[in-house]
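Visitor: Would you mind keeping the following structure in view while I ask a few things?
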């Protein structure tokens with residue numbers, strides 16, 4: 001009977017003594033569902049204590065910083081470069097749907113709310129953080145300013161400006177916020 005089923009459907013069943021570990025041929029792993037450019041981004045990303053960091057393999061400073069971010073209980077942290085309208089990973093521009101697909105591919109996500117450690121992704125009239133919340137169907141918290149982490153792993157929002165000598169000066173963003181975006 002098993003042989004006839006295999007011939008008719010092409011499905012292969014594990015031998016009874018195998019104890020499992022069998023995956024049906026049509027049950028693709030999440031990474032296999034990603035288009036090639038997103039699969040390349042995912043393969044360069046790295047797991048962190050709170051979620052995943054999406055930085056190129058040569059972006060050592062940011063990968064180290066992401067590893068130091070303190071996780072939040074019950075929250076998935078996505079750490080990556082961002083702007084109010086997009087995410088950027090090693091030269092690849094992503095929208096909320098793209099990042100949503102990458103997060104869904106991570107088996108550690110499990111439908112949890114998202115914290116974006118991604119500069120300015122909560123700023124503006126149509127922030128990319130809202131796009132992500134809409135696509136994943138979960139709340140997303142994102143900063144309105146640049147994000148930096150302190151030595152203890154906590155996060156602060158900062159502003160940058162050029163001084164009279166043309167050098168960039170950083171200061172704590174007194175008006176910066178972490179905004180919560182609910183799916184619409």
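Visitor: Residue check: is residue 39 at pLDDT 80 or above, assigned to a helix (DSSP H, G or I) and in contact with a strand residue (DSSP E or B) (Cβ under 6 Å, 6 or more places away or on another chain)?
Guide: For residue 39, the condition - at pLDDT 80 or above, assigned to a helix (DSSP H, G or I) and in contact with a strand residue (DSSP E or B) (Cβ under 6 Å, 6 or more places away or on another chain) - is not met.
Visitor: I'd like to check something: does region 58-74 contain any residue that is at pLDDT 95 or above, farther than 17 Å from residue 142 by Cβ, under 11 Å from the mean Cα position of the chain (by Cα) and surrounded by fewer than 18 Cβ atoms within 10 Å (Cβ to Cβ)?
Guide: no
Visitor: Then there is this: For residue 47, indicate whether it is over 22 Å from residue 156 (Cβ atoms), surrounded by fewer than 14 Cβ atoms within 10 Å (Cβ to Cβ) and touching a helix residue (DSSP H, G or I) at 6+ places or on another chain (Cβ under 9 Å).
Guide: No; evaluated as a whole, the condition is false for this residue.
Visitor: OK, next. Just to be sure before I move on: is residue 27 modelled with pLDDT under 95 and not in a loop (DSSP other than H, G, I, E, B) in the structure I sent?
Guide: No, not satisfied.
Visitor: Return the residues of region 61-88 that are out of contact with any helix residue (DSSP H, G or I) (no Cβ under 9 Å at 6 or more places or on another chain), assigned to a loop (DSSP other than H, G, I, E, B) and touching a residue at least 24 places away in the same chain (Cβ under 8 Å); say none if nothing qualifies.
Guide: 69, 70, 72, 74, 75
Visitor: For region 42-57, enumerate the residues that are in a loop (DSSP other than H, G, I, E, B), more than 17 Å from residue 149 (Cα to Cα) and either in contact with a strand residue (DSSP E or B) (Cβ under 8 Å, 6 or more places away or on another chain) or without any contact (Cβ under 8 Å) to a residue 12 or more places away in the chain (or both).
Guide: Correct list: 45, 56.
A quick yes/no check of all residues on (1) free of Cβ contacts under 8 Å to residues at least 40 places away in the same chain; (2) out of contact with any helix residue (DSSP H, G or I) (no Cβ under 7 Å at 6 or more places or on another chain); (3) surrounded by 15 or more Cβ atoms within 10 Å (Cβ to Cβ); (4) under 20 Å from residue 50 (Cβ atoms):
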{"residue": "90", "(1), (2), (3), (4)": "no, no, yes, no"}
{"residue": "98", "(1), (2), (3), (4)": "no, no, yes, no"}
{"residue": "109", "(1), (2), (3), (4)": "no, no, yes, yes"}
{"residue": "132", "(1), (2), (3), (4)": "no, no, yes, yes"}
{"residue": "150", "(1), (2), (3), (4)": "yes, yes, no, yes"}
{"residue": "162", "(1), (2), (3), (4)": "yes, yes, no, no"}
{"residue": "171", "(1), (2), (3), (4)": "yes, yes, no, no"}
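The values are calculated or read from the model by the stated rules, or taken from the named source; none is laboratory data. Computed from a predicted model, the values in this text were never measured in an experiment. Here Cβ is always computed from backbone atoms with ideal geometry, including for glycine, and neighbour counts include all displayed protein chains.
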